[in-house]
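Have a look at the structure below, then the notes.
The values are calculated or read from the model by the stated rules, or taken from the named source; none is laboratory data. Note that the coordinates shown come from a computational prediction; the quantities given were computed from them, not determined experimentally. Cβ placement follows ideal geometry from the backbone for every residue including glycine, while neighbour counts extend to all protein chains displayed. When the accessible area is computed, the model is the full protein with side chains, heavy atoms only, and any ligands, DNA or RNA have been set aside. Shrake-Rupley method; radii C 1.70, N 1.55, O 1.52, S 1.80 Å.
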Protein chains: 2
Amino acid sequence: MTVEVVKASGEVEPYRRDKAVASLVRCGVPRGEASALVAEVERELPQRVTTHEIHRRLESLLRERHPAHALRYALRRAIMRLGPEGYPFEKYFAKVLSKLGYHTWTNVALEGRCADHEVDIVAERGGRRYMIECKYHNAPGTRTDLKVALYVYARFLDLRDYFDEAWIVTNTKLTLEAIKYVECVGMQAVAWRYPEGRGLEALIEETRLYPITVLSSLGDDARRRLLASGYVTLEDLWRMSVEEIASIAGVGEEEAEEILEEARLLKP
Amino acid sequence: MTVEVVKASGEVEPYRRDKAVASLVRCGVPRGEASALVAEVERELPQRVTTHEIHRRLESLLRERHPAHALRYALRRAIMRLGPEGYPFEKYFAKVLSKLGYHTWTNVALEGRCADHEVDIVAERGGRRYMIECKYHNAPGTRTDLKVALYVYARFLDLRDYFDEAWIVTNTKLTLEAIKYVECVGMQAVAWRYPEGRGLEALIEETRLYPITVLSSLGDDARRRLLASGYVTLEDLWRMSVEEIASIAGVGEEEAEEILEEARLLKP
């Protein structure tokens, strides 16, 4: 019996074990263990299932057996939960860049040759200056497309006097057309798993700036309160006491303790 | 008592008689008569009224007294009724261009330096070739903005080997930022009443390619049937017999007669 998988984009494709295993291996689960977990989930799959449902089942097994890996597995959807009412993606990504040694400024108004622009992030490192446009989507399956790449490039040309390079940063994937164009005109793109090994997920791993939205112990209300007060990453929580978390998140001390414990699972 | 006018964009401004008069004069109503009609409508205006409502009342007075001018007055909203299910705006505008002496092709796939593109209209006249991007909005108050102008320009740069100039054509207005940018980079724009005297409405007047959607005698169903069969402009109707109109629009001969009579009001 073949299982059909419905992707977030609506496309349907046959289920592939190797993809499920690879998704676990990427989060640090040893390959043998990853295969065993996938086999366990496979036994109960219906004939037609969404990608989301497979992830949910694997994530819940992971939470029991390898809680730290489960947090990393939850990263992609955690990023989606940063917005739209939560903490803006561009501020979050500016933090990632700072950790990587860039100086950053967000929402910078600049006068171009032919128009005025607001640039999401201006970043500077080693004497080079970058114009960074963030595209945040909170619907899975959305892709950043050629039109976006085109207008970002035109904006860069108009602001050419200020910048050495333009980047597009997105929490989703880019279309193939957009990637081809970006590479051809000499822009950089950071997207989900693009470029290979230097995608958004890789930069987050490298800087360990996991957003607090990876935590399964964090309720909606507590999440919103923490984000609104500027506590965005697990690193922010590591520095806090149980009492502080309880008071800012508006939860009891027992719940705050649980949140802090889960957050510490990813502490190096 | 001051009347407040709510514009399609949601902005509110005080009612101005001169604007209402000017809108009639632009459709060919003599100024004295225009003032009289406006005064008549003013007597019954509520304290807060939408632009749309003022237009509706003026249009209905015009239909009684100056039916041919009423058709021209209805033009802007008639263009909105060309889509989205109706006849595509880019095909309609290509007809306007043909009448102005351009050779045109619609929906042309072209390989650029860095990406593949589909160009809405390719037009050629006097040895110059134009890349034309159409932006059709069917909600009044929408404006074509800087982002659109930026991506059209980047597309033009990528297709620079094929074209001498890029145009943006829209049935709505452009934002001031978009106009400033378009002029500065050397693109052309055709929008509602832009540029002064050569806007979309002026080109339609010049070519007399009034869309059939200006006709008040044309019901929704008949309109859809005619558009679907490729009968788009009053000129198309002028060439038809009452019997043909009745059969294609799916109406009785009496109704077809009425439609044809109204259409002929704008025949030169």
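For the stretch A:33-57, name all the residues that are open to solvent by 30 Å² or more (accessible area, probe 1.4 Å), of a type outside the set (D, E, K, R) and within 22 Å of residue A:205 (Cβ to Cβ). Residues satisfying the conditions are A:51, A:55. Scanning the stretch A:237-256 for residues that are open to solvent by less than 90 Å² (accessible area, probe 1.4 Å) and of a type in the set (D, E, K, R) turns up A:244, A:255. Would you confirm whether or not the stretch A:99-110 contains a residue that is hydroxyl-bearing (Ser, Thr, Tyr), buried (at least 18 other Cβ atoms within 10 Å of the Cβ) and under 23 Å from residue A:141 (Cα atoms)? No - not one qualifying residue is present in the stretch A:99-110.
Can you pull out every residue in the stretch B:94-109 that is in a helix (DSSP H, G or I), of a type outside the set (Val, Ile, Thr) and touching a residue at least 24 places away in the same chain (Cβ under 8 Å)?
Step one: of the stretch B:94-109, the residues in a helix (DSSP H, G or I) are B:94-99.
Among the residues that remain, those that are also of a type outside the set (Val, Ile, Thr) are: B:94-95, B:97-99.
Those that are in a helix (DSSP H, G or I), of a type outside the set (Val, Ile, Thr) and touching a residue at least 24 places away in the same chain (Cβ under 8 Å): B:94, B:95, B:97, B:99.
Listed conditions (1) at pLDDT below 90; (2) under 16 Å from the mean Cα position of the chain (by Cα) are all met by residue B:228, apart from (2).
Scanning the stretch B:168-180 for residues that are buried (at least 24 other Cβ atoms within 10 Å of the Cβ) and facing another protein chain (nearest Cβ under 10 Å) turns up just one, B:178. Note on the stretch A:187-205: among residues that are touching a helix residue (DSSP H, G or I) at 6+ places or on another chain (Cβ under 8 Å) and part of a helix (DSSP H, G or I), the one that is modelled with the lowest pLDDT is A:205.
Looking only at the stretch A:57-93, count every residue that is free of Cβ contacts under 8 Å to residues at least 60 places away in the same chain, more than 17 Å from the chain's Cα centre (by Cα) and in a helix (DSSP H, G or I) and tell me the total. Total satisfying the criteria: 7.
Scoring residue A:184 on the criteria (1) modelled with pLDDT under 90; (2) within 14 Å of chain B (Cβ to nearest Cβ) leaves a single failure, condition (1).
Residue A:119 falls short on exactly one of the conditions (1) among the aliphatic types (A, V, I, L, M); (2) within 14 Å of chain B (Cβ to nearest Cβ); (3) closer than 22 Å to residue A:15 by Cβ, and that condition is (3).
Residues being β-branched (Val, Ile, Thr), in a strand (DSSP E or B) and buried (at least 24 other Cβ atoms within 10 Å of the Cβ): count how many of those fall in the stretch A:120-167. Steps first, answer last, please.
From the stretch A:120-167, those β-branched (Val, Ile, Thr) are A:121-122, A:132, A:142, A:144, A:148, A:152; that's our starting set.
Filter again for in a strand (DSSP E or B), leaving A:121-122, A:132, A:144.
Subsequent filtering for residues that are buried (at least 24 other Cβ atoms within 10 Å of the Cβ) retains A:132, A:144.
Residues meeting the conditions: 2.
Residue B:199 meets all of the listed conditions (1) in contact with a Lys or Arg (Cβ under 7 Å, 6 or more places away or on another chain); (2) within 14 Å of chain A (Cβ to nearest Cβ); (3) free of Cβ contacts under 8 Å to residues at least 24 places away in the same chain but one, namely (2).
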